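Below is one structure, written out as structure tokens; the observations come after it.
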Amino acid sequence: MTQQTALQTEILAVSLELSNEKWGVTAGTSTQGPRATEIGAGNFKALREAIEYARLRFKLPAGVKVVTCYEAGRDGYWIHRELLRIGIENHVVDSASIEVSRRRKRKKNDRIDGRTLLKMLLRHLSGEKKVFSVVRVPSVDEEDQRRRSRELKRLKDERTQHVARLKSLLALEGLRVDTINAGFGAAVEKMTRRDGTPLGGHLKTELKREHERWMLVAEQIKTIEKGLDAEVKDASNQGEAVKQVRALSELKGLAASAWVLVLEFFAWRDFQNRRQVGGLAGLDGSPYSSGDSQREQGISKAGNRRVRALMVELAWCWTRYQPRSDLAQWFQKRVAGGNKRIRRVSVVALARKLLVALWRYLKTGELPKGAELKTA
């Protein structure tokens, strides 16, 4: 075999098991290996040395193609970008798509996981389909754009926690409040127990501190929302994401969620069909058929959980704000006379149909049938 032929047929595959302190590096080819070693986390010099040592150990030519992979997780995509920068092809693998043993008690450690991932990478490189799911890595700018919508969601959840804590503290004294507002801190001084005695000093202090944190979070939420609104209103901003947000905002019932849908889903992906749209959101079905056993396991819940949860909320909103649309009428006919379970199942089906309809609307300009625009 000549060196040129070897370059075309041999590939050095490497799997990376990531942790805070060390990385497990497992290398092999279709006929040799695996060979495992450990390096310090983030030490790319040591990684290149480990790859070079494996190449020499397997007696591969100097120009052999190297392909690495690691599981998507806490470390994000900076490792992927660094590997590409130094000339190494890399795949980021969806952890949920990795095959595992069905034994009740199975062995698991970093070395076993590294070898399993290496075997799957070799199968993937050999042309076998659906070995695992490869994550679509966003660009640096696309990833940065998503930070605002995610921070906004996290802040709103934190605000809800502060409200619940304030109400719980008052409930300990038999007091009830309907809403928390900016004047709550001053109102605490005038609050009394059910018997007319003033609240304890330490309880008042705790309530005020909790309210101050609520105020800070509320102010940060306003700042982010104002920034997003300013981008939409800025006529000079003709970015693709902003255009999509403007289009979705024209539909009744979607304005508040337009940014999340665009930044998390539509702005940086090129869907080819409705199956890809439903599959990425985890709103596709999971049938189980084996012999005489036939059952539907519900939606797959794969993909982007933020979009999936948001679409279920939007499905309910759609039935309220777009009652004349075909989708809303389909839902009403389906649940007419049904119980709560039928409604819960049907609203998830509506969420998938609505997501596909919104994708078509942004891609082709085709308005969901019967839907109304704000300007109509």
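A short reminder: the numbers here are calculations on the coordinates, not readings from a lab. Since we're looking at a predicted model, the values are computed, not measured. Note that we place each Cβ from the backbone using ideal geometry, even for glycine, and neighbour counts take in every protein chain shown.
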| Acute angle (nearest 10 degrees) that the helix 326-335 long axis makes with the longest principal axis of the chain, alpha-carbon atoms | 80
| request: For segment 55-72, just list the computed ³J(HN,Hα) in residue order, Karplus coefficients 6.51, -1.76 and 1.60, θ = phi - 60°, integers in Hz, with x standing in for Gly and Pro. | output: 4, 5, 5, 8, 6, 9, x, 4, x, 4, 6, 10, 10, 10, 7, 8, 7, 5
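Relative contact order for segment 243-364: what percent, with Cα pairs under 8 Å and sequence separation of 6 or more?
26
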| message | Between segment 337-373 and segment 271-322, what is the separation of their alpha carbon centroids in Å? | response | 11
| query | Got the relative contact order for the chain handy, in percent, Cα pairs under 8 Å and 6 or more residues apart? | reply | 10
| If you place +1 on the Cβ of every Lys and Arg and -1 on the Cβ of every Asp and Glu, how big does the dipole about the Cα centre of segment 3-125 come out, in debye to the nearest 20? | 620
| Which whole-Hz ³J(HN,Hα) couplings does segment 177-185 yield from phi under the Karplus relation 6.51 cos²θ - 1.76 cosθ + 1.60, θ = phi - 60°, glycine and proline marked x? | 10, 7, 9, 10, 9, 5, x, 5, x
| task | May I ask you to evaluate 6.51 cos²θ - 1.76 cosθ + 1.60, the Karplus curve with θ = phi - 60°, for each residue of segment 126-134 and list the ³J(HN,Hα) values in order in whole Hz, giving x for glycine and proline? | result | 6, x, 5, 8, 6, 6, 8, 9, 9
| said: Springs between alpha-carbon pairs under 10 angstrom, Gaussian network model over the chain: which of ALA218, ALA187, ALA309 fluctuates most? | reply: ALA187
| query | Which angle from 0 to 90°, rounded to the nearest 10, does the C-alpha axis of helix 110-125 make with the longest principal axis of the chain? | reply | 70
| field | Percent of Cα pairs exceeding the 17 Å cut-off, where the set is segment 243-364 | value | 58
| LYS107-ARG176 pseudo-label distance in nm [points 7 Å out on the Cα-to-Cβ vector] | 6.1
| message | Name the residue from ILE39, GLY63, GLY114 whose Cα lies farthest towards the positive end of the charge dipole of segment 3-125, charges +1 on Cβ of Lys and Arg and -1 on Cβ of Asp and Glu. | response | GLY114
| request: Pop a pseudo-label 7 angstrom from the Cα along the beta-carbon direction at both LYS204 and ALA164 and give the gap in nm to one decimal. | output: 2.9
| message | For a quick check, take a GNM of the chain with Cα springs below 10 Å and name the residue from GLN145, GLN161, GLN332 with the largest mean-square fluctuation. | response | GLN161
| note | In the chain, taking the dipole from +1 charges on Lys and Arg beta carbons and -1 charges on Asp and Glu beta carbons about the Cα centre, the listed residue (HIS124, HIS162, VAL100) farthest towards the positive end is VAL100
| Contour minus Cα-Cα distance for GLN32 and GLU89 (0.36 nm per residue) | 18.5 nm
| message | Can you tell me, using C-alpha contacts under 8 Å and at least 6 residues apart, the relative contact order of segment 143-235 as a whole percent? | response | 37
| message | If you fit an axis through the alpha-carbon atoms of helix 240-249 and take the longest principal axis of the Cα set of the chain, what angle between them do you get, 0 to 90°, nearest 10? | response | 40
